[in-house]
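Visitor: My structure is below; once you've seen it, I'll send some questions.
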Amino acid sequence: MQRNRFRVLLPVTQCVMAALFGGVGLWQRSAILSRPFLEGQTLWDTTARFHVWPWPYKFAAVVNMPAFLAGLLLSGPIGNRWVGLPEVALLAPSLLFVALLWYWVGAVLDRQCDAGNGRSLIKPWVRLLVFTLICAGGALIPGSGGYLVFGVLVWGLFVLGLFFGQTRSRERNFTTG
């Protein structure tokens, strides 16, 4: 029987999405901050660099918040060591964490589908779609840091939902099998 393999599909698709949305967002950010400002300076030389975060970048960060935070922990020392590295190079290691994060999510979803004996294959897709739409809405939060808090909260609820879904499928499997 052909089964959906979330643990294979999710890391691949999420890495592509993170690279696409994150890359476009960083390109937009660079285009905005590279504009001339005062006396030959650009917006990179002002505090605007702390406040300009385009929607595609915020979306990629919210959808992959645990991987994004792990990548920031790694990029901090790298950025301190090699000061001139572009943001894209500093955030590229986050894609490794994106793959690991979504492999874990996919493995949990695979176990839930296997425990449900394939009865509820549409349910994980609906949960992933709702999660993605919620993250897209969270990326619309104005300001420079609200999307980070939102991403942490959404991921906390998502992980709780995965955990309770896994517990319910185990209980159902135990009582019927």
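The values are calculated or read from the model by the stated rules, or taken from the named source; none is laboratory data. These figures come from a predicted structure and were not determined experimentally. In this analysis, Cβ positions are derived from the backbone assuming ideal geometry, glycine residues included, and neighbour counts consider all displayed protein chains.
Visitor: What are the residue pairs meeting all of these: first residue in region 68-79, first residue surrounded by 16 or more Cβ atoms within 10 Å (Cβ to Cβ), second residue at pLDDT 90 or above and in a helix (DSSP H, G or I), Cβ atoms under 6 Å, and 6 or more apart or on different chains?
Guide: 68/61; 68/94; 70/97; 71/94; 71/97
Visitor: Going by the structure shown, is residue 99 farther than 25 Å from residue 49 by Cβ, modelled with pLDDT of 90 or more and of a type outside the set (Ser, Thr, Tyr)?
Guide: Details: farther than 25 Å from residue 49 by Cβ: yes; modelled with pLDDT of 90 or more: yes; of a type outside the set (Ser, Thr, Tyr): yes.
Against the criterion (farther than 25 Å from residue 49 by Cβ, modelled with pLDDT of 90 or more and of a type outside the set (Ser, Thr, Tyr)), residue 99 qualifies.
Visitor: Mind listing just one residue for me: the one in region 85-99 that is under 30 Å from residue 126 (Cβ atoms) and without any contact (Cβ under 8 Å) to a residue 40 or more places away in the chain and, of those, surrounded by the most Cβ atoms within 10 Å (Cβ to Cβ)? Steps first, please.
Guide: Quick first cut of region 85-99, residues under 30 Å from residue 126 (Cβ atoms) only: 94-99.
Filter again for without any contact (Cβ under 8 Å) to a residue 40 or more places away in the chain, leaving 96-97.
Details: 96: 14, 97: 20.
Here the answer is 97.
Visitor: Shifting gears a bit: Can you report the number of residues in region 128-165 which are hydroxyl-bearing (Ser, Thr, Tyr) and either outside any helix (DSSP H, G or I) or surrounded by fewer than 16 Cβ atoms within 10 Å (Cβ to Cβ) (or both)? If you could, list the steps in order and put the result at the bottom.
Guide: Let us first name the residues in region 128-165 that are hydroxyl-bearing (Ser, Thr, Tyr), namely 132, 144, 147.
Going one step further and asking which of them are either outside any helix (DSSP H, G or I) or surrounded by fewer than 16 Cβ atoms within 10 Å (Cβ to Cβ) (or both), we end up with 132, 144.
Total meeting the criteria: 2.
Visitor: Something else: Does residue 30 count as over 26 Å from residue 155 (Cα atoms) and in contact with a strand residue (DSSP E or B) (Cβ under 8 Å, 6 or more places away or on another chain)? Even if it seems obvious, please write down each step before you answer.
Guide: On the way: over 26 Å from residue 155 (Cα atoms): yes; in contact with a strand residue (DSSP E or B) (Cβ under 8 Å, 6 or more places away or on another chain): no.
No: the conditions fail for residue 30.
Visitor: Let me ask something else about it. Which residues, counting only those in region 14-58, are among the β-branched types (Val, Ile, Thr) and either outside any helix (DSSP H, G or I) or surrounded by fewer than 13 Cβ atoms within 10 Å (Cβ to Cβ) (or both)? Before the answer, list the steps.
Guide: Going through region 14-58, the residues among the β-branched types (Val, Ile, Thr) turn out to be 16, 24, 32, 42, 46-47, 52.
Across region 14-58, the qualifying residues are 16, 42, 46, 47, 52.
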